[in-house]
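> Submitted below is the structure of interest, expressed as structure tokens.
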Amino acid sequence: MNTPETDAKDRSFGALIYLFPLVYALPFGIALLTQFPWLYQFFSPLVAIYGLTNSLPFASLIIFFGLWFAVVRNENVSYFLRFNGMQAILMNILQILFSLIMGILVPAFGSQGLVTETLNNTIFMGSIVVCFYCIFRSIQGQYAEVPAISEAASSQIR
């Protein structure tokens, strides 16, 4: 889906919105980031943002509802930004569900176990790939089509 009415401001903010799920993918990648120091250096700005949001009480909840009410449910905001905002929120909800599942699996398999490390790395790399894809498509002014998430985002903001 291409939209000719997306201007540079919408493209920039559309890409910026995806920092929300990108930052909250970092806890899944702790093992991977410690094993590869060059990868940690690449993600160090996001680690700083994650540390800042964790130091403030309820920061992630405030960001979540701020994005929900100020962007997604605001009719004055362009459809492009509302779509990207809803898609970022849905990605974050998936990350929350994955963290709940991992909270169940870690006591069963151990935090350093092969199963938990593999799942954490898969969730981290999947989140990173999807977020960078969405950022890239937003910069181009196009809608990022992520299976199931895009359909749900589109149906929520109509």
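The values are calculated or read from the model by the stated rules, or taken from the named source; none is laboratory data. Remember, predicted model here, so these are calculated numbers, not experimental data. Note: ideal-geometry Cβ built from the backbone for every residue, glycine included; neighbour counts use all protein chains shown.
> Just checking: which of the helices (runs of 4 or more DSSP H) contained wholly in the stretch 11-83 hold 1 or more residues that are under 22 Å from Ile93 (Cβ atoms), of a type in the set (A, V, I, L, M) and in contact (Cβ under 8 Å) with a residue 60 or more places away in the chain?
Details: elements: 19-23, 30-35, 37-42, 44-55, 59-67.
Qualifying helices (runs of 4 or more DSSP H): 19-23, 30-35.
> Here's a follow-up. Does the stretch 60-81 hold any residues that are farther than 14 Å from Cys134 by Cβ and buried (at least 21 other Cβ atoms within 10 Å of the Cβ), and which are they?
Within the stretch 60-81, Val71, Val72 qualify.
> Residues of the stretch 32-83 being small (Gly, Ala, Ser), over 17 Å from the mean Cα position of the chain (by Cα) and under 26 Å from Arg137 (Cα atoms), which ones?
Matches in the stretch 32-83: Ala70, Ser78.
> Continuing with this model, one more query. Looking at Pro45, is it modelled with pLDDT of 90 or more, more than 14 Å from Phe124 (Cα to Cα) and out of contact with any Leu (no Cβ under 6 Å at 6 or more places or on another chain)? Spell out how you get there, then give the answer.
On the way: modelled with pLDDT of 90 or more: yes; more than 14 Å from Phe124 (Cα to Cα): yes; out of contact with any Leu (no Cβ under 6 Å at 6 or more places or on another chain): yes.
Yes, satisfied.
> Pairs please, first residue from the stretch 137-148 and under 13 Å from Ala88 (Cβ atoms), second anywhere and surrounded by 14 or more Cβ atoms within 10 Å (Cβ to Cβ) and among the polar types (S, T, N, Q), Cβ atoms under 6 Å, 6+ apart in sequence or on different chains.
Going by the 6 Å Cβ cut-off, the qualifying pairs are Ser138/Asn84.
> Shifting gears a bit: Inspect the stretch 117-128 for any residue being of a type in the set (Phe, Trp, Tyr) and loosely packed, with under 13 Cβ neighbours inside 10 Å and give the result as yes or no.
no
> Right, something else. Regarding Ala152, is this residue within 22 Å of Val72 (Cα to Cα) and either part of a helix (DSSP H, G or I) or among the β-branched types (Val, Ile, Thr) (or both)?
Against the criterion (within 22 Å of Val72 (Cα to Cα) and either part of a helix (DSSP H, G or I) or among the β-branched types (Val, Ile, Thr) (or both)), Ala152 qualifies.
> Give me the pairs: first residue in the stretch 117-128 and of a type in the set (Ser, Thr, Tyr), second residue buried (at least 16 other Cβ atoms within 10 Å of the Cβ), beta-carbon distance under 6 Å, and six or more apart or on different chains, which are they?
What qualifies is Ser127/Ala25.
> When you look at Ser44, is it small (Gly, Ala, Ser), surrounded by fewer than 13 Cβ atoms within 10 Å (Cβ to Cβ), out of contact with any Gly (no Cβ under 9 Å at 6 or more places or on another chain) and within 22 Å of Ile135 (Cα to Cα), yes or no?
Yes.
> Determine whether Thr6 is loosely packed, with under 15 Cβ neighbours inside 10 Å, modelled with pLDDT under 95 and over 14 Å from the mean Cα position of the chain (by Cα).
no
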